[in-house]
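Below: the structure, in structure tokens.
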Amino acid sequence: MKLSQPRITPLSEAEWTEEQRKVLEPVYKEGKLYNVMGTMSRHWEAWKKFGVWAYHVMGDTSTLVPREREMLILRIGWLCQAEYEWAQHVVFGKGAGLTDAEIARIKEGPDAPGWAPFDATLLRAADELHADACISDATWAALSQRYNTEQLMDVVFAVGQYNLVSMALNTFGVQLDKGVKGF
């Protein structure tokens with residue numbers, strides 16, 4: 001973790017407003033809320049708007065299949081050294097069909113041996129967006145062989161969303177949730 005303690009502590013259940021309770025209670029499990037949600041809830045008006053977008057990127061309206069979306073999220077989380085992001089999305093990635101070997105190889109990037117060409121292209125897109133805030137013509141052309149316009153847009157949206165999330169997690173000092181393994 002970049003910070004060993006939170007700069008912004010997660011909102012406790014005792015601090016919830018009625019509006020927050022309606023939104024947070026359904027995801028409050030076994031007396032706990034994900035630290036990211038508790039922390040972001042400190043700025044409720046921003047979190048409500050942010051959540052709409054976040055649920056597009058992670059939800060059913062995204063045009064990316066979950067495995068490919070998770071590859072992008074894991075790669076940008078790794079590039080940003082966002083340990084919380086990485087840890088949570090290892091769980092989601094496994095649920096989306098990524099193997100332990102693939103998850104480990106995501107750290108190595110698109111040129112690591114063993115990637116199928118399209119998987120390498122996805123990782124390369126994340127690398128290029130991180131390095132240059134733009135996907136190169138060659139990578140765009142390779143993505144375009146398989147993806148339609150909305151999918152191409154969702155690649156950028158997923159990487160951009162989780163770049164922002166990584167910055168927030170790292171800067172706010174969001175700590176790992178219990179039972180989740182970091183780097």
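Residue check: VAL91 meets all listed conditions (1) assigned by TED's automatic domain parsing to the domain that holds TYR162; (2) touching an Asp or Glu at 6+ places or on another chain (Cβ under 9 Å); (3) under 26 Å from THR171 (Cα atoms) but one, namely (2). Annotation: PHE92 fulfils all but one of (1) touching a residue at least 12 places away in the same chain (Cβ under 8 Å); (2) farther than 29 Å from PRO6 by Cα; the unmet one is (2). On the stretch given as region 13-39, residues that are among the small types (Gly, Ala, Ser) and closer than 23 Å to LYS181 by Cα total 2.
Only residues that are out of contact with any Lys or Arg (no Cβ under 9 Å at 6 or more places or on another chain) and at positive phi were counted in region 99-152, giving 1.
Within region 42-52, not a single residue is in contact with a Leu (Cβ under 9 Å, 6 or more places away or on another chain), within 24 Å of ASN170 (Cα to Cα) and not assigned by TED's automatic domain parsing to the domain that holds VAL23.
Annotation: of all residues in region 132-173 being without any contact (Cβ under 8 Å) to a residue 40 or more places away in the chain and of a type in the set (D, E, K, R), the one that is surrounded by the most Cβ atoms within 10 Å (Cβ to Cβ) is ARG146.
Determine, yes or no, whether TRP16 is more than 22 Å from VAL91 (Cα to Cα) and modelled with pLDDT of 90 or more. Criteria met by TRP16. Confirm whether LEU123 is of a type in the set (A, V, I, L, M), within 27 Å of LEU176 (Cα to Cα), in a loop (DSSP other than H, G, I, E, B) and in contact with a Leu (Cβ under 9 Å, 6 or more places away or on another chain). Here the answer is no, as LEU123 does not meet what is asked.
The values are calculated or read from the model by the stated rules, or taken from the named source; none is laboratory data. From a predicted model like this one, the values you see are computed outputs, not experimental measurements. Every residue, glycine as well, gets a Cβ built from its backbone with ideal geometry; the counts of neighbours run over all protein chains shown.
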